[in-house]
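Undergrad: The structure that follows is given in the form of structure tokens.
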Amino acid sequence: MESPGMLEDRQMVLIGTGDQGASPHRINSITLQGRNLILGFDGIDTIEAAEPLKGRLLYLSRQWLPPLEENEYYWKDIIGLNVMTDNERTLGVITGVLPTGSNDVYICRGDEGELLIPALEDVIVDIDIPKGIMIVNLPEEL
């Protein structure tokens, strides 16, 4: 579950080069322009003041995120999972997520190359975040 809407009720974000070295910034405006999200921050009123933030990453503290429904996961939790088939064949690791509108697609990279796995109930058998494993039942065409 990832969406610009996650920021609607947030007042603060962390900005930096790593989540350990990020500093808090209070949001004073949020504008969606096409696929771009434009955030305004307190105390950053000019291009010169914004320059030090260029190229930095934006983080949300986990405690600031909305609770998830059953069988929902944040992309951060999915990326890095080891992927295995239901007959214990190792496929690789989830390296990214593609939002497609109807369902997400997980990018799995392994010894056999890249595999795109649709995030559908009949394909994803189990996700075990604590164990770092995703079990899949791949359709024959995959």
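Laboratory data are not the source of any read-out in this text; all were calculated from the coordinates shown. No experiment lies behind these values; they were computed from the predicted model shown. Backbone-built Cβ (ideal geometry, glycine too); neighbour counts: all protein chains shown.
Undergrad: Which whole-Hz ³J(HN,Hα) couplings does region 30-42 yield from phi under the Karplus relation 6.51 cos²θ - 1.76 cosθ + 1.60, θ = phi - 60°, glycine and proline marked x?
TA: Karplus values, whole Hz, x for Gly and Pro: 9, 10, 9, 10, x, 9, 9, 10, 10, 10, x, 10, 4.
Undergrad: Subtract the Cα-Cα distance of Glu88 and Ala50 from 0.36 nm times their separation in residues, and report this length gain in nm to one decimal.
TA: 8.7 nm
Undergrad: Same structure, new question: If I build a Gaussian network model for the chain, linking alpha-carbon pairs within less than 10 angstrom, which residue out of Ile117, Ile38, Ile94 has the largest mean-square fluctuation?
TA: Looking only at Ile117, Ile38, Ile94, the biggest GNM fluctuation is shown by Ile38.
Undergrad: Using the crude model of +1 on Lys and Arg Cβ and -1 on Asp and Glu Cβ, and no other charge, please compute the dipole size for the chain relative to its Cα centre, in debye to 20.
TA: In debye, rounded to 20, the chain gives about 740.
Undergrad: Additional query: Taking the Cβ-Cβ separation of Asp111 and Leu65 as r and a Förster radius of 41 Å, what is the calculated FRET efficiency to the nearest 0.05?
TA: Calculated value: 0.75.
Undergrad: Based only on Cα atoms, what Rg/Rh ratio does the chain have, Rh being taken as Kirkwood's radius?
TA: Over the Cα atoms of the chain, Rg/Rh equals 1.05.
Undergrad: Let me spell out the model: positive unit charges on the Cβ of Lys and Arg, negative unit charges on the Cβ of Asp and Glu, origin at the Cα centre of region 4-64. What dipole size does that give, in debye rounded to 20?
TA: The calculation lands at about 220 debye.
Undergrad: Please state the shape class of region 44-98: rounded when a/c is under 1.5, otherwise prolate if a/b exceeds b/c and oblate if not, all from the C-alpha gyration tensor.
TA: It comes out oblate by the Cα gyration axes.
Undergrad: Calculate for the chain the 222 nm mean residue ellipticity that helices alone would give, adding -39,500 (n - 2.57) per DSSP H run of length 4 or more and normalising by residue count, nearest 500 deg cm²/dmol.
TA: -1000 deg cm²/dmol
Undergrad: Follow-up. Please name whichever of Tyr106, Ile79, Leu120 sits farthest to the positive end of the charge dipole of region 75-136, dipole taken about the Cα centre and charges placed at Cβ: Lys and Arg +1, Asp and Glu -1.
TA: Toward the positive end, the furthest listed residue is Ile79.
Undergrad: Once the convex hull of the alpha carbons of region 75-136 is built, what does its volume come to per residue, in cubic angstrom?
TA: That works out to 73 Å³ per residue.
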